[in-house]
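First comes the structure, then the notes that go with it.
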């Protein structure tokens, strides 16, 4: 199948380039990404010793790669098609059940972000869409097909480019762009069931007002709506394993579940100062069973700013983030904030331990370019729970209530999750190739220690720091 897709892509590009009457402009580009990752003690349980040795999370390392090949065909002045073929794989991720090494093209599970678990090889279309500008002379353009959606800082909607697979949306997007205003209206199918009406659909209106001169401020205003029509399984609205409200478990969903998210973002800067403030004052929705109707009511905000000196482009910045949690998992309110489809990796620490849900976090960030083509970064993060009875949510699991040392507990007495130190260096080898090296250490706080406590019955258990590091090379061509 992969050879077939590659052959089709190559043939289409050759035909397009050989037939100028069919396509007035064809460009081919691509990317090669290779990243090796190392992690130690992801479960913070580094002291477990048994007959089989330490726990599985005490040490992991793997190398993953991504190859993207993109063809942009501009058929007319206002009509174009973009196709991005993507192959992702973890080196040596598959093996034969009979013993010997497996074929490199076997397997099909997706490459998980920051994990080699169940990961092998995937070739697919990352993008494939038709774009038509100025439809019927209206000034409105339409983009239909599989596409990346990136808005604002990607705290709610992003293509998650850090992941080997990334994220794309099957969507229809109508947009208008001018010097004063950008406006997008989109509809995306997240889950499609062709045998029953149990789909999950995502709608949005996202606008950027550019009325303040010299980039002093751009203002984004958005309204998003996620609808899950699946009513067959109890407590699984929005694809969650459990909804986090214990009274919902065992109840059959009666109607579609809905999340509405309204927010705005302001970004700008001048004379070396930069700032971004995003507020989601109102997230509403309903989850309805045959017994009760549960109301969703969440909120979140993120504020950051910094000052850059001209010498070595030294920037010092501060940030504070908040997202609501649920203090009572038995009532008829669901107040944990849902952060939808974000690009989380560079938002709340590079170790990917924190998502924009039930959290309070502050950070100090310092970056500089001490040498030509070299940039270095340092960040310190501190994380707390907004509600100690709710769970600690990671960067990749908004859709489920975490278990283990992340689980919600009405008996938990601590909000201190922990702190993280991030170090990063980027070297731009040339205009195409860059090297990226990073290291993070997560120091667990009282919440993790309480969840993974040393007791008399588990004398070999102790709490330990988590370490994570990576080395990545990216070539864009």
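Examine the stretch 251-269 for a residue that is out of contact with any strand residue (DSSP E or B) (no Cβ under 9 Å at 6 or more places or on another chain), modelled with pLDDT under 90, on the phi < 0 side of the Ramachandran plot and not in a helix (DSSP H, G or I), and state whether such a residue exists. No, the stretch 251-269 contains no residue that is out of contact with any strand residue (DSSP E or B) (no Cβ under 9 Å at 6 or more places or on another chain), modelled with pLDDT under 90, on the phi < 0 side of the Ramachandran plot and not in a helix (DSSP H, G or I).
What number of residues within the stretch 251-273 are touching a residue at least 40 places away in the same chain (Cβ under 8 Å), over 19 Å from residue 221 (Cα atoms) and surrounded by 14 or more Cβ atoms within 10 Å (Cβ to Cβ)? Show your work before the answer.
Step one: list which residues in the stretch 251-273 are touching a residue at least 40 places away in the same chain (Cβ under 8 Å), which gives 251, 259, 261-270.
Still in the list and also over 19 Å from residue 221 (Cα atoms): 251, 270.
Going one step further and asking which of them are surrounded by 14 or more Cβ atoms within 10 Å (Cβ to Cβ), we end up with 251.
Result for the stretch 251-273: 1.
Within the stretch 383-393, at least one residue is at pLDDT 95 or above and in a strand (DSSP E or B).
With the condition kept exactly as written, say whether any residue in the stretch 326-336 is within 19 Å of the chain's Cα centre (by Cα), closer than 19 Å to residue 417 by Cβ and at pLDDT below 95. Scanning the stretch 326-336 turns up at least one residue that is within 19 Å of the chain's Cα centre (by Cα), closer than 19 Å to residue 417 by Cβ and at pLDDT below 95. Residue 178 - would you say it is over 18 Å from the mean Cα position of the chain (by Cα) and more than 25 Å from residue 276 (Cα to Cα)? The answer is no for residue 178. Taking the stretch 337-346, which residues are surrounded by 21 or more Cβ atoms within 10 Å (Cβ to Cβ) and at pLDDT below 90? The answer is 344, and nothing else. When residue 126 is tested against (1) farther than 16 Å from residue 78 by Cβ; (2) surrounded by fewer than 19 Cβ atoms within 10 Å (Cβ to Cβ); (3) over 12 Å from the mean Cα position of the chain (by Cα), only condition (2) is not met. Taking the stretch 293-311 as the range and being surrounded by fewer than 15 Cβ atoms within 10 Å (Cβ to Cβ) and either touching a residue at least 60 places away in the same chain (Cβ under 8 Å) or not in a strand (DSSP E or B) (or both) as the test, the residues that pass are 309, 310, 311. Looking across the stretch 188-204 at every residue that is surrounded by fewer than 15 Cβ atoms within 10 Å (Cβ to Cβ) and in a strand (DSSP E or B), the one that is modelled with the highest pLDDT is identified as 189.
The values are calculated or read from the model by the stated rules, or taken from the named source; none is laboratory data. Treat the numbers as computed from the prediction; the structure is a model and nothing was measured. Ideal geometry is used to build each Cβ from the backbone, glycine not excepted, and the neighbour counts take in all protein chains shown.
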